[in-house]
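K.L.:
Handing you this structure, nothing more for now.
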Amino acid sequence: MRISFFKYSLSIVLLSLFLASNIFAQEQDLSNYRMRFRFKSIKQPDGSRILEASFVATNKKDRKDRVPVYEADINFLNVLGEEKVPLGASKTSKEGIARITLPEDQYYLKDEEGRITLMALFKGTEELDGEEEEISIKDIHLDLGLIEKDSIKTVQVKAHTLDSLGVQIPVEETDIIISVEGMLSKMIIDEGTIEEGGYEFEMPIGLPGDVNGNITVYAIIEDHDDYGDVVQKNTESWGILNEQHKEDENTLWSEAAPIWMYVVLTILLVGIWANFVYTGIHLFKIKKEGEELELKTENE
Amino acid sequence: MGLLSGATTVAGATLLANLASEEELQASGEKIRVLTPDGKMVEVDAESINNYPEAHITPAESRKGIPDRKFVMVIDLAKCKNARNCVESCQKAHNLDYNEEFMKVQLIQDHEEAEPYWFPKPCYHCDEPPCVTVCPTGATFKRDDGIVLIDNDRCIGCKFCITSCPYSARQFNWSHKPKFDDTSQPYSPETSIPGTEGTVMKCDFCPDMLRQGKLPYCASSCPMGVIYFGDKNEDMVTNGEETVRFSELINDRGGYRHLEHLGTKPNVYYLPAVNRQFPLERGFDVEEDIIERYKDVPFVQDLKSQGKI
Amino acid sequence: MNVDSRKRELVKEFSPMLLKSTKWSKIWIGILVGFVLWGLAAFVIQVVKGHEVTGMRDNVVWGIYIINFIFFVCLSYSGAFISGILHFFKTPWKNSISRIVEIITVVSLIIGPIFILLCIGRLDRLHYLFLYPRIQSPITWDIIAIITDLIGCFIYLYLTFIPDFAILRDNSEDVPEWRRKLYTFLAIGYRDTPTQRNRLHKITRIMSAMIIALAIVAYTVLAWIFSLTLQPGWNSTIFAPYFIVAGLYSGVGVIIIAMYLIRKYFKLDHYIRKVHFIGAGVILLVISLLFGYFTFSEYFSRWFSHKTHDADLLNTLFNKYFWEFIFANYIGVLVPIVILFFKRFRTIKSITFAAVIAVLGLWLNRYLIVVPTLETPYLPIQDTRPEFIHYSATWIEWALSFAGIAAFVLFFILIMRLVPIIPMSGIIDYEREGKGGTYSVTQYQLK
Ligand code: SF4
Ligand code: SF4
């Protein structure tokens, strides 16, 4: 009992020593690190908007040495002049990322040009300085059409913004990436520039798509000064249905063996065991004969 | 105890749960460094490393495979410089010891005239796998998505599969190891952890990651983007940076399968080591012990005699 | 001739073998038991510490256990084969040695599979073989074959024992009570009436044919465990017949050794005579020629066509395993051939010597089939741990191997104490058929 108690307390002491040393060993001078605070907005296909702030410390000398800031409170605000409307708050994850999603019908304060100014704010603690980052974007409406023009499968992108009066203004000179969705990643099929509110190109042929032959195409504007990140997608059954691979039923490597194997094995085993049984029957007969003989001798 | 409480105050109350719970400390050996708002750097359990109990796939479920998929890997030998990140990340994820490697990097020389090349070698997840054919209990099996797995709850350790695999992809657990006792995570053939004494293990193509839509550890960790992985039904493979069409990659770059003549029909393809991006010597920037492995390759002997390594 | 009194005579003649134990036999048994215990200790260590205590590692996952397994099982099959042939064709001088052969058959078939069990990582899951069988696996075939064969051999052995049990039962006035009861039970009321005798002869004959077929099937399956894989040294179409010939080679060798030892220790010079040795020697000669021929074709075709991986294997064989190769495939074949070929070399001692060489050579031949192949995989072994590159058996494996041999001898002795090593019923049958000439003389008649 005493020994186990001793062991127990010893292990606790050791554990705490281990933990403590671990922590103190990690305590490094923060002056070697530069804090990076980034903020972006991503407009989703369903019209909702993600606000994402990333908060990471990077070593000034060793750029690969990145330490995410964990559990920092980040506030997201909508700013217009002096007016600040809170949109939500979130804590950074272990990757140093704080994220909120705003619905499509979210009301934003806009300036005359239709710009929305958003801000991510870290108030700061005793140890870490406060950080804030502002972006100012226009709400862009991106349409992605998958249409057949003269039986040529065509991807058609249309983009416009609205001014304060609700008039559509075509988007100009904006780079766009078109990709198709895969299980693990998106494959880029084209990169181009939106001119006069539109961009068009021919869909490459021979893409299989998913099981049902559906292809999901994405149009993505990435990190644009005026629009932030914008994603739009559309699905069409344009896939060349490739024959789905099915494992054969009766093979050497499937669960069930080729039929002939069962047949041959059964024949062999039945044949052999019939023999054993036959032998057994005869042995039994010998035994009976012996018993009869014994009875006879006894009777005599 | 004083030290412990001291440590926790330093670490901040929110981290208390992570640090004080001994169980969780053992749960995943994987740690990442983070900075707390108090300006302290601490290590916490990395969330992403196999900590998905809700996604637990039982041995029975793991026999079916991910529906309508057919996984393939393409390894671009022209880009490999023996960085060994694939080996190490795989070892970490599968809780393997130093010498236990599901992914091996070999130094292969095709013939006398050819310069050797680095040759990362996982299990090939053959379409006609001899290892599965010979297993007497069905402990190793071929799934509909092309992956060959081992259920180490069922394996009797006859080792027949090891002798049948022409690519030496399988390894045996020769003795009990303390790490096998870790039951914090239920066993699944899809994660291959925890291991079991007297059974076989090998590369599993990380189906647990695939189910989350993520790349296998080897593919995502390679700094050179050597390893492409994807679904052949979709005709797309990706190395995490670029996504390309599988058929185009294979046809344009002369993709081949190792020892094709054996008829095992591997699902791992190689792109030949032509127009290499790195000189072979770059690969010798590794531990002494690992260089020692290649001592039988004439090229290495030359390098040694010239005193280059 | 009075059959009953003749039986009594025979029982009297053989009962010292069954009942008395001399000082030497006790010592011998003691030594054998010692070996078995040593093996058991090794086994316990292996179970507790895992297979790490063996020399096997990831490349060479099968070591001398599997070699012993093949060796013993092939002993058994060749025993069955030979004894089946002796019975089926009513070979004239079979009587003196048929029981030796039968006992070898059964005992080695018990010992052999134990070795495969030693090779299995999870003995506690052995029943999975029946819970989740996959009939594509050669191991499954092998298990079915071994079990069927074991049952067949037991039935067959028992059939040949029945008449002797009956004789012993009828003439066991001065033996312990338990023995008489045992004999009575085992003799199942066999009274040697003409109907019973005919019946027994008929089924024995059928079973002897059955045993031959079983032996061929079972040994073929064993060879297939190797030859159905893709490994360069194993994937060979002639492996099945090669293994059968090899099995016969070692089988006849062991039979000759057993004949020699039994003749010597039980002073059975009148039953086991030189003519038996010469007969067995000639058979060994024929088989050694065949075996040499198979070995030659196997390696010659690999050497001649020298596909890369075959060439690598031969390279390993001729460099790392040079002396083993010479001993197994030159000395182990040529020396017996030379001894047995020339009539004047054919003495009992030299024939036994040839047999010993043959058996050792064959064991090594099996070793060279299993280990170098595993040390030369398709993808070169690139490792720094010596035990992963080169296999060498540890004391645990040797202890268990010797324990296997000791257990083999021990079982043999035990069965010999139950029934005479020379079938009495056979002697009587022989005399009854009126051929009581040269070979059936007993010590009694000589006196
Ligand atoms: S590489 Fe080996 S272990 Fe993997 S599937 Fe093929 S035969 Fe089986
Ligand atoms: S070692 Fe396990 S997985 Fe391999 S064949 Fe035997 S039972 Fe199957």
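K.L.:
With both partners inside the protein assembly as shown, how many of the DSSP beta bridges are antiparallel, as a percent to the nearest 5?
P.N.:
95
K.L.:
Now for a separate question. Compute the distance from the alpha-carbon center of the range C:120-135 to that of the range B:75-111, in whole Å.
P.N.:
Cα centres, the range C:120-135 to the range B:75-111: 33 Å.
K.L.:
Based only on other Cβ atoms within 10 Å, what is the fewest-to-most ordering of C:ILE167, A:ILE215?
P.N.:
A:ILE215, C:ILE167
K.L.:
Please list the non-local residues whose amide H lies under 5 Å from the amide H of A:LEU102, H modeled 1.01 Å from N, same-chain partners needing a gap of 5 or more.
P.N.:
A:ARG49, A:ILE50, A:LEU51
K.L.:
Report the label-to-label distance for C:ASP269 and A:GLU191 in nanometres (one decimal), using points 7 Å from each Cα along the Cα→Cβ vector.
P.N.:
10.0
K.L.:
Another question, then. Report D for chain A in µm² per second (integer): Stokes-Einstein, Kirkwood Rh on Cα pairs, 37 °C, 0.692 mPa s.
P.N.:
122
K.L.:
Next question. When the scattering of the range A:53-128 is computed by the Debye formula from its Cα atoms alone, each counted once and equally, what is log10 I(q)/I(0) at q = 0.24, 0.27 Å⁻¹?
P.N.:
Normalising to I(0) and taking log10 leaves -1.08, -1.22.
K.L.:
Cα atoms only, the range C:232-377: Rg and Dmax in Å?
P.N.:
16.8, 57
K.L.:
Could you please state, rounded to a whole Å, how far the C-alpha centre of the range C:173-194 is from the C-alpha centre of the range A:244-293?
P.N.:
Between the Cα centres of the range C:173-194 and the range A:244-293 lies a distance of 34 Å.
K.L.:
Relative to the longest principal Cα axis of chain C, at what angle does helix C:308-319 sit, 0 to 90 degrees, rounded to 10?
P.N.:
70
K.L.:
By counting other Cβ atoms within 10 Å of each Cβ, how are A:TYR227, B:TYR256, C:TYR378, C:TYR249 ranked from fewest to most?
P.N.:
Least crowded to most crowded, the residues run B:TYR256, C:TYR378, A:TYR227, C:TYR249.
K.L.:
Peptide B:92-100: average number of partner chain Cβ atoms within 10 Å per residue?
P.N.:
1
K.L.:
Using only the Cα atoms of the range A:140-236, what are the Rg and Dmax in Å?
P.N.:
Rg and Dmax of the range A:140-236, Cα atoms, are 14.0, 45 Å.
K.L.:
Helix A:259-299 versus the longest principal axis of chain A: what angle, 0 to 90°, nearest 10, using Cα atoms?
P.N.:
30
K.L.:
Once Lys and Arg get +1 and Asp and Glu get -1 on their Cβ, which of B:VAL105, B:PRO194, B:VAL34 lies farthest toward the positive end of the dipole of chain B?
P.N.:
About the Cα centre, the residue reaching furthest to the positive side is B:VAL105.
K.L.:
Still on this model: In square nanometres and to one decimal, what's the mean projected area of the convex hull around the Cα atoms of chain C?
P.N.:
Spelled out: convex hull of the Cα atoms, projected over all directions, averaged, 23.4 nm².
K.L.:
Then there's this: Using Cα-only point scatterers and the Debye equation, what is log10 of I(q)/I(0) for chain B at each q in 0.14, 0.16 Å⁻¹, rounded to two decimals?
P.N.:
Listed by q, the Debye log ratios stand at -1.13, -1.37.
K.L.:
In debye, nearest 20: dipole of the protein assembly as shown around its Cα centre with unit charges on the Cβ of K, R (+) and D, E (-)?
P.N.:
Dipole magnitude for the protein assembly as shown comes out near 9880 debye.
K.L.:
With unit charges on the beta carbon (Lys/Arg positive, Asp/Glu negative), name the residue among C:ILE70, C:LEU118, C:VAL48 whose Cα is farthest towards the positive pole of the charge dipole of the range C:42-120.
P.N.:
Checked the options; the winner is C:ILE70.
K.L.:
Out of residues 5 or more away from B:GLN106 or on other chains, whose amide H comes under 5 Å of its own, with H placed 1.01 Å from N in the peptide plane?
P.N.:
Amide H neighbours of B:GLN106, under 5 Å, 5+ apart: B:PHE119, B:LYS121.
K.L.:
How big is D, in µm² s⁻¹, for the protein assembly as shown by Stokes-Einstein at 10 °C and 1.306 mPa s if Rh is the Kirkwood radius over C-alpha pairs?
P.N.:
45
K.L.:
A further question on this structure: Helix A:2-26: angle to the longest alpha-carbon principal axis of chain A, degrees 0 to 90, nearest 10?
P.N.:
Between the helix axis and the principal axis of chain A, the angle is about 40 degrees.
K.L.:
Can you compute the charge dipole magnitude of chain B about its Cα centre, using +1 on each Lys and Arg Cβ and -1 on each Asp and Glu Cβ, nothing else charged? Give it in debye, rounded to the nearest 20.
P.N.:
440
K.L.:
Can you list the HN-Hα couplings for the range A:183-194, worked out from phi with the Karplus curve (6.51, -1.76, 1.60; θ = phi - 60°), rounded to whole Hz and with x for Gly and Pro?
P.N.:
Karplus values, whole Hz, x for Gly and Pro: 5, 9, 6, 9, 9, 6, 10, 6, 10, x, 10, 7.
K.L.:
What is the mean projected area of the alpha carbon convex hull for the range B:159-275, to one decimal in square nanometres?
P.N.:
Reported value for the Cα convex hull: 9.5 nm².
K.L.:
Okay, next question. Counting only other chains, what is the mean number of Cβ atoms within 10 angstrom of the Cβ of each residue in peptide C:153-159?
P.N.:
For peptide C:153-159, the averaged partner shielding equals 2.
K.L.:
Considering chain C as a Gaussian network with a 10 Å cut-off on Cα pairs, which listed residue, C:GLN382, C:GLN46, C:GLN196, attains the greatest mean-square fluctuation?
P.N.:
Residue with maximal mean-square fluctuation among C:GLN382, C:GLN46, C:GLN196: C:GLN382.
K.L.:
Along the charge dipole of chain A, Cβ charges K/R +1 and D/E -1, which of A:TYR107, A:THR297, A:SER90 sits furthest on the positive end?
P.N.:
My answer, from the dipole projection, is A:THR297.
K.L.:
While we're on this one: Residue by residue through the range C:80-87, which ³J(HN,Hα) values in whole Hz follow from phi under the Karplus form 6.51 cos²θ - 1.76 cosθ + 1.60 (θ = phi - 60°), with glycine and proline marked x?
P.N.:
Result, ordered by residue: 4, 4, 5, 5, x, 5, 4, 6 Hz.
K.L.:
Project the alpha carbons of the range A:142-300 onto their principal axes and report the range along each, largest first, in whole Å.
P.N.:
The Cα atoms of the range A:142-300 stretch 130, 33, 22 Å along their principal axes.
K.L.:
Now for a separate question. What residue among A:HIS282, A:HIS224, A:HIS160 has the largest mean-square fluctuation in a Gaussian network model of chain A, using Cα springs under 10 Å?
P.N.:
Largest GNM mean-square fluctuation: A:HIS282.
K.L.:
Can you tell me the equivalent ellipsoid semi-axes for the range C:349-431? Use √(5λ) from the Cα gyration tensor, largest first, whole Å.
P.N.:
For the range C:349-431, the semi-axes come out at 42, 17, 11 Å.
K.L.:
How much space per residue, in cubic angstrom, does the convex hull of the C-alpha atoms of the range B:216-309 take up?
P.N.:
Once divided by residue count, the hull of the range B:216-309 is 147 Å³.
K.L.:
With charges only on Cβ, +1 for K and R and -1 for D and E, what is the dipole size of the range A:107-246 about its Cα centre, in debye, rounded to 20?
P.N.:
My answer is approximately 980 debye.
K.L.:
Taking other Cβ within 10 Å of each residue's Cβ, how do C:TYR158, C:TYR271 sort, fewest first?
P.N.:
C:TYR158, C:TYR271
K.L.:
Where the centroid of each part is defined by its Cα atoms, how far is the range C:359-374 from the range C:200-218 in Å?
P.N.:
What the calculation gives is 30 Å, centre to centre.
K.L.:
Also: Could you go through the range C:325-342 in sequence order and give the Karplus-derived ³J(HN,Hα) for each residue, using 6.51 cos²θ - 1.76 cosθ + 1.60 with θ = phi - 60°, rounded to whole Hz, and x for Gly and Pro?
P.N.:
My calculation for the range C:325-342 gives 5, 4, 5, 5, 9, 10, 4, x, 9, 6, 4, x, 4, 4, 4, 7, 6, 8 Hz in order.
K.L.:
Choose one answer from B:CYS158, B:CYS86, B:CYS218: the residue with the largest mean-square fluctuation in a GNM of chain B with alpha-carbon springs under 10 Å.
P.N.:
B:CYS158
K.L.:
Other chains near B:168-180: what is the mean number of their Cβ atoms within 10 Å of each residue's Cβ?
P.N.:
4
K.L.:
Straight-line reach only, C-alpha to C-alpha below 26 angstrom: list the lysines that A:LYS296 could link to, leaving out same-chain residues fewer than 8 apart.
P.N.:
A:LYS285, A:LYS287, A:LYS288, C:LYS7, C:LYS181, C:LYS202
A short reminder: the numbers here are calculations on the coordinates, not readings from a lab. Because the structure is predicted, anything quoted here is derived from the model rather than measured. Backbone-built Cβ (ideal geometry, glycine too); neighbour counts: all protein chains shown.
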